[in-house]
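Since every read-out is calculated from the coordinates, none of them should be taken as a lab result. As the structure is a computational prediction, the values presented were derived from the model and not from experiment.
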């Protein structure tokens with residue numbers, strides 16, 4: 001596993017822990033702002049993990065595909081990146 005994937009995995013595990021805390025906070029009827037702060041922490045962790053996954057993909061799979069002479073494969077990879085980028089901006 002690459003360093004970036006390891007860091008992404010760490011972020012996902014931290015986010016999972018925060019989500020469990022958020023559920024507990026909501027069930028305990030804790031203060032809304034406190035819940036929202038935990039939620040923002042999760043969003044930050046997920047965005048960071050996404051960026052690391054994208055960086056790893058661009059430096060490996062994407063780079064490899066762009067180095068080939070297969071124009072169809074190159075176009076597919078470009079479309080994948082555009083699709084994921086569009087989804088991440090929603």
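Remark: the residue 2-residue 83 segment gains 26.8 nm on full extension, using 0.36 nm per residue and subtracting the alpha carbon distance. Straightening the chain between residue 50 and residue 16 buys 10.8 nm, computed as 0.36 nm per residue apart minus the Cα-Cα spacing.
Hey, what angle do you get for helix 32-57 against the long axis of the chain, alpha-carbon based, 0 to 90 degrees rounded to 10? The helix 32-57 is inclined about 20 degrees to the chain.
Could you give the angle, 0 to 90 degrees to the nearest 10, between helix 71-88's Cα long axis and the longest principal axis of the Cα atoms of the chain? Taking Cα atoms only, the helix is inclined about 20 degrees. Taking 0.36 nm per residue of sequence separation and removing the Cα-Cα distance, the residue 39/residue 72 pair yields an extension gain of 7.8 nm. Taking all Cα pairs closer than 8 Å and separated by 6 or more residues, the relative contact order of the range 2-73 comes to 45 percent.
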